[in-house]
Amino acid sequence: LLRSSLDRCKAQHGLAPSASHPVLRLQQAELTERRDRFLDLIGGFGPELDRASIIPDKGRYCLLITDSSGIVVEAYTPDADATDFSRFGIAIGGIWNERVAGTNGIAMALQTERVLTVQGSDHYFRCFGGFACTSAPLHDAQNNLLGSVTLVGSAQRRPDEIAWLEQVLRVAGSRFQTQLFQKLHAERITASLVLHGPNKLTRF
């Protein structure tokens, strides 16, 4: 998967791996529109995507939530490192699809719909060599891809730490989908009660 992505970055997207600041950021008006659209799809941020339950160490990790196009619609960054993260586009409004940001965790998770980590030199752009990005896809109640959730930290992660972070995001993604599933069926039950009354509900 990494090799295919790296090949596309060079042959199809024409990206230069030496670029120092390749990630673009949306203007505020377009970002607000995309963020509002994402929030409408998910019904607002719930506890399953709360930073307190996902970020294992607020001093070491940045949490990014994107829509299905890889646009960061929410970001939680350690205050001490906010400027450095933002300089590399690791901030709200950052565009992390493969055509712009090369091989990275967000793009890979969205393309493959799998939980995975892109670490250090696995990134196409050399300027991201100091980062490790563990990402998980986010799906709705019908299993449609809505976006991704990502933890960004130092590339000097041990294999056991990577495995642990992948599990943290796997659980977060599962809880997110379960919440949307429950919300969907609660709305359907309410609509059925309004239209037909309690005696018309299907019994399971």
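Just the protein heavy atoms count here, and of the accessible area of segment 60-149 at 1.4 Å, carbon and sulfur take up 43 percent. Excluding ligands, DNA and RNA, the accessible surface per residue across the chain is 53 Å² with a 1.4 Å probe.
Size check on segment 92-160: the Cα extents along the three principal axes, sorted descending, read 37, 30, 21 Å. The helix-based estimate of mean residue ellipticity at 222 nm for the chain, built from -39,500 (n - 2.57) per DSSP H run of four or more residues and divided by its residue count, is -13000 deg cm²/dmol to the nearest 500. Given R0 = 30 Å, the distance between the Cβ atoms of residue 20 and residue 163 translates into a calculated FRET efficiency of 0.45.
The values are calculated or read from the model by the stated rules, or taken from the named source; none is laboratory data. All of these numbers come straight from a predicted model, not from anything done at the bench. FYI the Cβ positions are ideal-geometry reconstructions off the backbone, even for glycines, and counts take in every protein chain you see. Surface accessibility is based on the protein's heavy atoms, side chains included, excluding ligands, DNA and RNA. Shrake-Rupley method; radii C 1.70, N 1.55, O 1.52, S 1.80 Å.
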